[in-house]
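The values are calculated or read from the model by the stated rules, or taken from the named source; none is laboratory data. The model shown is predicted, which means the values in this text are computed figures rather than measured ones. Neighbour counts are summed over all protein chains in view; Cβ atoms, including those assigned to glycine, are modelled from backbone coordinates with ideal geometry.
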Amino acid sequence: MNKLRKYLLAVALATAATGAWAQLTQVVRGRIVDKNTLLPIAGVMVTVNVGDKLLHASSNEKGEFCVEKVPVGRYSLTAAMMGLSPFVASNILVNSGKEAYVEITMEELVTQLDDIVVHPKWTKTSLSTKWQQ
């Protein structure tokens, strides 16, 4: 009987320790739309910065995204896609009772580049070999 009590006590302590060390997580959901047209944007990479770890998701054809297994706490969230201005939000509150929801509007990133001028380099040799072929 004494061995049974020790065994049950060990199982109870192990179960309690596992529950104490288990980390509460939640989901961060949202929707991404174009600032001017309000149409959904697909393919945007959404990142939640969780300390030394980054959690990622990308938006679907409806502009919706879902980052899973985000520990409870406050985090920064970024959304990025080539050709769009990046979106950054800090202090996103993730709590155990309700999933976090973030509405994101992004706009086209217009970059003015310098002109490129291409000058051909013709030599007498290159012209004569071209016509002989």
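List of remarks:
Here's the yes/no breakdown for (1) in a loop (DSSP other than H, G, I, E, B); (2) more than 17 Å from LYS35 (Cβ to Cβ); (3) β-branched (Val, Ile, Thr); (4) at pLDDT below 90:
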{"position": "ASN91", "(1), (2), (3), (4)": "no, yes, no, no"}
{"position": "THR105", "(1), (2), (3), (4)": "no, no, yes, no"}
{"position": "VAL110", "(1), (2), (3), (4)": "yes, no, yes, yes"}
{"position": "VAL117", "(1), (2), (3), (4)": "yes, yes, yes, yes"}
{"position": "SER126", "(1), (2), (3), (4)": "no, yes, no, yes"}
{"position": "THR129", "(1), (2), (3), (4)": "no, yes, yes, yes"}
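- Exclusive hit being under 17 Å from the mean Cα position of the chain (by Cα), surrounded by 12 or more Cβ atoms within 10 Å (Cβ to Cβ) and not acidic (Asp, Glu), set SER85, SER90: SER85
- Annotation for region 111-124: no member residue is under 23 Å from the mean Cα position of the chain (by Cα) and either aliphatic (A, V, I, L, M) or exposed (fewer than 15 other Cβ atoms within 10 Å of the Cβ) (or both).
- Residue in region 66-86 that is free of Cβ contacts under 8 Å to residues at least 40 places away in the same chain, assigned to a loop (DSSP other than H, G, I, E, B) and of a type in the set (Lys, Arg) present: no
- Qualifying residue in region 23-37 (condition: in contact with a Cys (Cβ under 7 Å, 6 or more places away or on another chain), at negative phi and at pLDDT 90 or above): yes
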